[in-house]
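For reference, the structure discussed in these notes is given below.
The values are calculated or read from the model by the stated rules, or taken from the named source; none is laboratory data. Not measured: the values here are computed from a predicted model. All Cβ positions, even for glycine, are placed from backbone atoms using ideal geometry, and neighbour counts span all protein chains on display. Just so you know, the surface numbers come from the protein's heavy atoms only, side chains and all, with ligands and any DNA or RNA stripped out. Shrake-Rupley method; radii C 1.70, N 1.55, O 1.52, S 1.80 Å.
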Amino acid sequence: MPPEDPPAEGNLIYRQSIWTRATHWIWAICLFFLVLTGLQIFNAYPKLEIGIESGFEYDNAVFEIGARRIDDELQGYTRLFSQEFDTTGMLGVSNGEPRAFPAAVTIPSTRSLATGRVIHFFFAWVLVGTLAIWFIASLLNGHLHDLLPRGAGFRALGRDIADHARLRFHHGRTYGALQKLSYAGVMFVLMPLMILTGLSMSPWFNAVAPWLLDLFGGRPTARTLHFLVMLLLVGFFAVHILMVLASGPLNALRSMLTGWYRIDPAPEADAASPDRKED
Ligand code: HEM
């Protein structure tokens with residue numbers, strides 16, 4: 001529930017509930033640890049494959065990071081399908097040592113698959129719990145309804161994309177069409193895919209629901225999809241931060257910290273969200 005007395009500063013509205021705000025920051029922390037421990041786990045077997053099985057006798061890698069010795073020098077390489085790139089110093093070899101992802105982007109920074117896995121699974125369950133809380137709260141307080149672009153919101157998509165390209169941002173009562181689409185894509189496509197591909201690699205879950213691994217076409221394929229979804233989430237995060245910075249970081253951050261958001265004076269606020277709800 002919004003506090004009784006809004007700040008006496010004109011067109012500030014209470015836009016983000018405590019559930020939206022608290023869960024958002026918890027999953028931001030979770031994703032930070034999940035990505036960096038995930039890279040530690042990847043380093044233990046730095047290959048992504050497609051298929052039901054993998055091993056020495058298979059040649060089904062679509063991505064690989066490795067190291068080889070040439071004339072007494074270690075060379076790092078990254079292979080994507082049949083294309084190979086020299087990535088010495090970044091991927092494959094860093095600080096003179098063979099290592100897929102460098103120490104700077106793994107947790108822990110030293111090589112420890114066991115520690116990486118413990119931290120990864122801990123934050124994975126915190127993320128699942130937080131997403132469940134977000135989903136139930138958003139269903140009950142109507143936020144879910146606000147997040148799904150429909151009708152006039154969809155029709156405004158073209159104009160919204162053009163406005164974003166010209167760095168013209170509207171500040172309405174609810175998110176714009178493009179924002180809704182990207183947030184809905186994260187919450188209803190990427191996050192569920194991340195969790196399902198993760199679960200399908202867990203031996204206990206295979207015993208409970210073997211069909212899930214079959215659905216993803218085997219463990220190597222599920223692992224590759226899990227990695228791909230991670231890349232998409234990292235890509236979303238980079239654009240997300242750029243958009244927050246470009247659209248007015250103080251206003252956006254205030255809304256995600258206190259709930260209060262300054263909207264444009266009418267009629268521009270109306271034009272931004274034709275399908276907005278009146279609070
Ligand atoms: C430190 C990093 C982050 C910052 C500063 C940040 C900032 C923000 C802000 C200011 C908003 C509100 C935007 C608005 O009102 O127009 C927002 C919403 C959102 N952010 Fe982030 N964010 C961060 C990390 C992340 C991460 C890692 C994800 C997930 C991959 C994420 C996903 C979302 C989603 C889905 C929403 C909409 C939430 C809802 O309405 O329920 N954010 N973020």
### Task
Return yes or no: is residue 245 crowded, with 18+ Cβ neighbours inside 10 Å and within 10 Å of the ligand (Cβ to nearest atom)?
no
### Query
Does the range 242-264 hold any residues that are out of contact with any Phe, Trp or Tyr (no Cβ under 6 Å at 6 or more places or on another chain) and assigned to a loop (DSSP other than H, G, I, E, B), and which are they?
248, 258, 263, 264
### Unique residue being near the ligand (Cβ under 10 Å from one of its atoms) and open to solvent by 30 Å² or more (accessible area, probe 1.4 Å) when the list is 187, 194
194
### Query
Looking at this structure, is residue 231 away from the ligand (no atom under 11 Å from the Cβ), assigned by TED's automatic domain parsing to the domain that holds residue 28, free of Cβ contacts under 8 Å to residues at least 24 places away in the same chain and part of a helix (DSSP H, G or I)?
yes
### Query
exposed (fewer than 14 other Cβ atoms within 10 Å of the Cβ) and more than 23 Å from the chain's Cα centre (by Cα), is that true of residue 156?
no
### Query
Among (1) open to solvent by less than 60 Å² (accessible area, probe 1.4 Å); (2) within 11 Å of the ligand (Cβ to nearest atom), where does residue 141 come up short?
(1)
### Residue check, residue 177 under 23 Å from residue 11 (Cα atoms) and either within 14 Å of the ligand (Cβ to nearest atom) or among the charged types (D, E, K, R) (or both)
yes
### Query
Quick check: is even one residue across the range 29-49 more than 26 Å from residue 109 (Cα to Cα) and touching a residue at least 12 places away in the same chain (Cβ under 8 Å)?
no
### Task
Mind listing whichever residues of the range 67-108 are in contact with a helix residue (DSSP H, G or I) (Cβ under 7 Å, 6 or more places away or on another chain) and surrounded by fewer than 16 Cβ atoms within 10 Å (Cβ to Cβ)?
105, 108
